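Engineer: Sharing a structure with you now.
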Amino acid sequence: MRFDAVVVGGGPAGASTARFLAQQGVKVLLIEKKRLPRFKLCAGCLSARIAPLLPEGWEAEVLNTIRGGFLGFRGERFHQIVRKEPVAYIIDRASFDHFLVKSASEAGADVWEGTEFLEFEEEKDSILVRTSAGVVKTDFLVGADGFYTKVGKQLGLRKRRFFRSVELWTEADLREEVVIDVGVVRRGYGWIFPKGDRVSVGLATTGKENTLEVLKRYVNDHSFLKNKDIGGVKGWMIPFALREENLHLGRSRILLVGDSANMVDPLLGEGIYYGVLGGKLLAEAIVRNTENVYEEYARSVKDKILPELFYAGKIAKLAYTFQRVAFSMGGGHAVERFLDLLSGKRSYKDLYIKGLKEFVISLLHFENFSHIIIDKILRRR
Ligand SMILES: Cc1cc2nc3c(=O)[nH]c(=O)nc-3n(C[C@H](O)[C@H](O)[C@H](O)COP(=O)(O)OP(=O)(O)OC[C@H]3O[C@@H](n4cnc5c(N)ncnc54)[C@H](O)[C@@H]3O)c2cc1C
């Protein structure tokens, strides 16, 4: 069997790539190793800027519409900010991903569920793709197979930068707001996001702490959480990119997108928006330019995604090194601007440039400024 493109992985990145390709008349096969709907560990928060990239009918997937939130410090002190218009949406990944795959199928993609990608073999004019359901031939192979990407591994790529993340579900009185706490882990944050009538509680860190122990403390100390039970915790990794060399986009006619490409922001670990956007850019590159698809794709990722990841990384470095200062800025314009970013009205570059001066002033005003600096220098040694 021959296809123009074979996409491996039915998450947001793969399903979107397949949909955008099928919409342009490309003969595309999407293979997903699990039967859908399948569970995916994720807080399921979509920044509102994703809306134009989603297929018709996506609103039915929304469990909670987010209008603002709390920026907290260790679950004790909070700045609150709420808007009239939505800034984000919460979805359930099992249902949302299934919806995206169904949309790809409705657009004309062939979908093979319960089919695992095993390996590829490059021939002169095509690629042989071995799957658990047999061998197919294709012009382009897309790896959208997540953190442990087999396609990426066959290209010799290894993950170097990632958050370790743990998540559980419990009750809290939260419907239209999210909670983000700094001061919980060395480099990262804790969250409480509504999820229907429950909440997702979790943390993401690039530090070396015992995430289960920290989560236990976080749940125990947090004033929003009455139920202190931490049963049912699950963990997974969130890769991210700070610079061009961290992005694994593939080569020639074998391309990667989403988590397999590390297409995730290093501040929050937001990967759904970038995975869907990456899928669109990749599909456009395949449709536009069958000769130099990799170069074309790399160019548009460099133009439209990399600057966001780069400046999110710069903000992450400051915010997670000086977490008290980051929290103190929550009372000013910084969080307002952040909500603008989620809505698609601002970029991370804009946030960084506008926030840097305020950040330095906050840092200088901090009582124990010199102690913080000395402490940071000593800790780095
Ligand atoms: C705890 C946690 C919370 C998070 N919260 C958020 C959040 O609130 N908002 C946000 O934007 N991001 C969040 N993320 C990140 C987000 O989940 C990922 O960035 C996103 O899922 C990436 O999508 P993807 O399509 O690239 O990969 P995935 O969603 O991982 O999909 C990959 C798919 O490939 C399939 N697959 C794998 N191997 C094969 C194979 N060999 N053959 C066939 N199929 C295969 C898998 O079954 C899977 O369906 C969170 C992550 C974690 C761990």
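Engineer: If only one of Gly75, Gly114 is assigned by TED's automatic domain parsing to the domain that holds Glu270 and on the phi > 0 side of the Ramachandran plot, which one is it?
Structural biologist: When all the criteria are applied, what remains is Gly114.
Engineer: To continue, here is another question. Please go through the stretch 188-216 and give me each residue that is over 22 Å from Ala312 (Cβ atoms), in a helix (DSSP H, G or I) and touching a residue at least 24 places away in the same chain (Cβ under 8 Å), ordered by number.
Structural biologist: Listed by number, the residues that qualify are Leu212, Val214, Leu215.
Engineer: Considering only the stretch 42-139, give the strands (runs of 3 or more DSSP E) lying wholly within it that have at least 3 residues that are more than 25 Å from the chain's Cα centre (by Cα) and modelled with pLDDT of 95 or more.
Structural biologist: Passing ranges, in order: 117-122, 127-131.
Engineer: Out of curiosity, is Lys34 in a loop (DSSP other than H, G, I, E, B), within 12 Å of the ligand (Cβ to nearest atom), touching a residue at least 40 places away in the same chain (Cβ under 8 Å) and open to solvent by 60 Å² or more (accessible area, probe 1.4 Å)?
Structural biologist: The answer is yes for Lys34.
So that you can scan it fast, the table gives a plain yes or no per residue for (1) in the same structural domain as Ala283 (by TED's automatic domain parsing); (2) open to solvent by 50 Å² or more (accessible area, probe 1.4 Å):
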position: Ala204; (1), (2): no, no
position: Glu209; (1), (2): no, no
position: Asp229; (1), (2): no, yes
position: Leu247; (1), (2): yes, no
position: Gly258; (1), (2): yes, no
position: Ala261; (1), (2): yes, no
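Engineer: Okay, moving on. Looking at Leu141, Leu63, which one is of a type in the set (A, V, I, L, M, F, W, C) and open to solvent by 70 Å² or more (accessible area, probe 1.4 Å)?
Structural biologist: Going through Leu141, Leu63 in turn, the sole match is Leu63.
Engineer: Out of Lys27, Lys40, I need the residue that is in the same structural domain as Lys150 (by TED's automatic domain parsing), within 14 Å of the ligand (Cβ to nearest atom) and open to solvent by 30 Å² or more (accessible area, probe 1.4 Å). Which one?
Structural biologist: Result: Lys40 is the single residue among Lys27, Lys40 that is in the same structural domain as Lys150 (by TED's automatic domain parsing), within 14 Å of the ligand (Cβ to nearest atom) and open to solvent by 30 Å² or more (accessible area, probe 1.4 Å).
Engineer: Would you mind stating whether Tyr311 is open to solvent by less than 20 Å² (accessible area, probe 1.4 Å), of a type in the set (Phe, Trp, Tyr) and part of a helix (DSSP H, G or I)?
Structural biologist: no
The values are calculated or read from the model by the stated rules, or taken from the named source; none is laboratory data. Because the structure is predicted, anything quoted here is derived from the model rather than measured. Note: ideal-geometry Cβ built from the backbone for every residue, glycine included; neighbour counts use all protein chains shown. Heads up: the accessible areas ignore ligands, DNA and RNA and are worked out on the full protein's heavy atoms, side chains in. Shrake-Rupley method; radii C 1.70, N 1.55, O 1.52, S 1.80 Å.
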